[in-house]
1. Of Thr317, His328, Trp346, which is farthest on the positive side of the dipole of segment 273-353, counting Cα position, with +1 on Lys and Arg Cβ, -1 on Asp and Glu Cβ, and the Cα centre as origin?
2. Lys and Arg at +1, Asp and Glu at -1: add these up for the other residues within a Cβ distance under 14 Å of Trp235 and post the number.
3. Go through Leu21, Leu47, Thr70 and say which Cα lies farthest out towards the positive end of the charge dipole of segment 1-120; charges sit on Cβ, +1 for Lys and Arg, -1 for Asp and Glu.
4. Please report, in debye to the nearest 20, how large the charge dipole of the chain is about its Cα centre when each Lys and Arg carries +1 at its beta carbon and each Asp and Glu carries -1 there.
5. Determine the relative contact order of the chain: mean sequence separation of Cα pairs under 8 Å and six or more apart, normalised by residue count, in whole percent.
6. Given Cβ point charges of +1 (Lys, Arg) and -1 (Asp, Glu) and nothing else, what value in debye, to the nearest 20, does the dipole of segment 19-114 about its Cα centre take?
7. If you take every residue apart from Ala272 with its C-beta less than 13 Å away from the C-beta of Ala272, what net charge results, scoring Lys and Arg +1 and Asp and Glu -1?
8. From the Cα gyration tensor of segment 48-95, with a ≥ b ≥ c the square roots of its eigenvalues, which class applies: rounded if a/c is under 1.5, or else prolate if a/b is larger than b/c, or else oblate?
Amino acid sequence: MDPAEAAALAQARAQGIEPVLHYSASGVMNHEPLLGLPFPRLLHAKLLAARATGLARLSALGGLAHTARTPYWPNPAALHAAQFFPDRPISEVLLEFATRLAGDAHAADLVAAWSGFEDALIWQPVVPLFCAFGFCWQRTWDRPFVPDLEAVPPAERDYYERHGCFQFNNPGLNDLGKDVLFDLITRESGARMAADMDRELLPRLRALVEQLSHLAPRHAVFRDLHDRVRAYLHWSTTLRNVCAWCENVYGCLDPAADAAARAACEARLQAAIDLELANTRGLLELFETSPTEFMAVSGVAESTFFYGENFAEHLRTKLRLTEQYRHHPPRIDRDILWRPAPGTHWPPGWSASA
């Protein structure tokens with residue numbers, strides 16, 4: 001934990017307040033809608049740091065998120081160890097848990113795979129909103145990935161807009177880097193985060209998926225982990241592409257950019273679209289064929305916070321619309337905040353612009 005937390009804790013207690021530290025033990029507020037991603041060492045270290053700082057009250061956002069569908073997940077073992085046996089090395093805890101799951105013959109490989117995932121995970125940038133609850137409510141996986149989001153006719157956007165957080169004048173309708181009055185991703189931060197993921201995160205994940213594909217036939221625990229890591233690869237690739245969209249759409253629309261700079265942005269944007277199309281096809285194949293329940297899916301109906309059982313249909317729609325509208329020039333309605341509600345008419349003399 002940041003050492004400054006100790007000073008903040010002391011200040012709160014001086015006023016008679018006992019603070020509660022919120023943390024995430026699962027994908028909730030981290031990697032929604034994914035289930036069962038293994039980061040036991042990171043979780044264990046966070047809990048021990050909270051203890052060392054002197055915190056007495058903790059709250060796990062979202063709890064453990066459906067452990068009945070994550071039978072090989074090591075995070076609960078790490079949480080249990082930190083709470084009841086804080087002096088026991090986490091390496092011993094994980095090896096013992098892995099042995100119970102897969103036997104002596106496979107335990108070391110399983111622990112190494114968990115560690116390999118964490119070695120990749122620490123390189124993932126925290127993209128505001130998207131790395132909390134915003135990945136679903138921005139419909140990040142199922143909306144078309146195109147330079148002009150509103151080039152897609154309203155009737156064809158309805159499948160995702162009806163459940164997204166998309167009020168009629170929300171900039172998030174046509175700008176992946178914004179939501180209501182928040183600037184989530186800038187051109188500069190998008191470029192930096194996309195490059196970081198290209199250099200550090202995605203290569204590590206691809207290598208781990210390849211490694212687990214060879215281990216999967218040996219034991220069910222490796223097949224389960226393979227599919228969860230692959231799901232996270234699809235998730236983080238989309239996150240990377242959102243960052244690249246902001247870098248390059250904003251670059252294309254920069255009035256100071258010359259023709260060469262705009263052409264370079266357009267080329268990078270089209271490359272991101274190619275990557276997202278391939279990524280979406282891979283995600284669709286995983287969703288339809290994997291026996292692993294790697295993501296939360298509502299059996300009742302989709303909503304702002306959950307995808308539904310029609311997720312595959314939405315991915316196919318995304319693929320079709322992305323192919324159809326990928327070559328429209330980049331465009332963002334900068335005056336969307338002034339857009340009237342449907343059926344509203346501006347008084348004479350008013351203008352729907354800043």
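Since every read-out is calculated from the coordinates, none of them should be taken as a lab result. Nothing here was measured: the structure is a model prediction, and the numbers come from that model. Cβ coordinates were reconstructed from backbone atoms using ideal geometry, including for glycine residues, and neighbour counts include every protein chain displayed.
1. Checking the options against the dipole of segment 273-353, the answer is Trp346.
2. On the way: positive: Arg139, Arg206, Arg228, Arg230, Arg240; negative: Glu32, Asp142, Asp227, Glu276.
Value of the local net charge: +1.
3. So the residue we want is Leu21.
4. Values: 33 positive and 42 negative charges, 60 e Å.
Using only the charged Cβ atoms, the result is roughly 300 debye.
5. Working: 491 pairs, mean separation 69.5, N = 354.
Dividing the mean separation by the residue count of the chain yields 20 percent.
6. Numbers: 7 positive and 6 negative charges, 65 e Å.
It comes to approximately 320 debye.
7. -2
8. oblate
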